[in-house]
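Engineer: Let me give you the structure first, and then I'll get to my questions.
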Amino acid sequence: MKSPPCDTRLPSNTRLPSDTRLSSIERAQANMLPPEARKKMQSWIRSRHLICSGNFYIFETVDSSAVDRFTDCVTALQGTLIAVEQVDKIWIGDHRQVVLYRARATLHVPCHTLRQYWVKYGSFRTRFNPQS
């Protein structure tokens, strides 16, 4: 008589703590090369999702998977992700609200080419800032 297979998955109602961090091995296995990361960040600068403020890069989006891609880009460019916050809920249409995420990061190179790119093509406000 065979025993039933052991199921090692977590039950569907189990939640991991929100402060769960990636191990250093998982962080080192970022599968993005620096040229690809730089191009992705340049496209976010042009679309006004990413701005520079002092020594920080501020990324705002309504897509949580975009925050993960931003983290991969920062890691590939030898930077540090400082914080990810849920800033606000914004309306999309009449009946739908989405969460606005803000991620702050810093790159350890003082005169990075992304900063020069932001000076040429970027903006001082993200696309989600209200017009004052």
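Engineer: Of the residues that sit in the stretch 73-132 and are surrounded by 10 or more Cβ atoms within 10 Å (Cβ to Cβ) and aromatic (Phe, Trp, Tyr), which one is modelled with the lowest pLDDT?
Structural biologist: Per the criteria, the residue is PHE128.
Engineer: Can you name the condition, by its number, that ILE58 falls short on among (1) without any contact (Cβ under 8 Å) to a residue 60 or more places away in the chain; (2) out of contact with any His (no Cβ under 7 Å at 6 or more places or on another chain)?
Structural biologist: All conditions pass for ILE58, except number (1).
Engineer: When the residues of the stretch 44-73 are narrowed to those that are of a type in the set (Ser, Thr, Tyr) and within 14 Å of GLN116 (Cα to Cα), which ends up farthest from the chain's Cα centre (by Cα)?
Structural biologist: Taking the stretch 44-73 first, the residues of a type in the set (Ser, Thr, Tyr) are 47, 53, 57, 61, 64-65, 71.
From the residues that got through so far, the ones that are within 14 Å of GLN116 (Cα to Cα) too are 53, 57.
Numbers: SER53: 16, TYR57: 11 Å.
Of everything passing the filter in the stretch 44-73, SER53 is farthest from the chain's Cα centre (by Cα).
The values are calculated or read from the model by the stated rules, or taken from the named source; none is laboratory data. Model, not experiment: these values are computed from the prediction. Cβ sites come from the backbone with ideal geometry, for glycine too, and all protein chains shown count toward neighbours.
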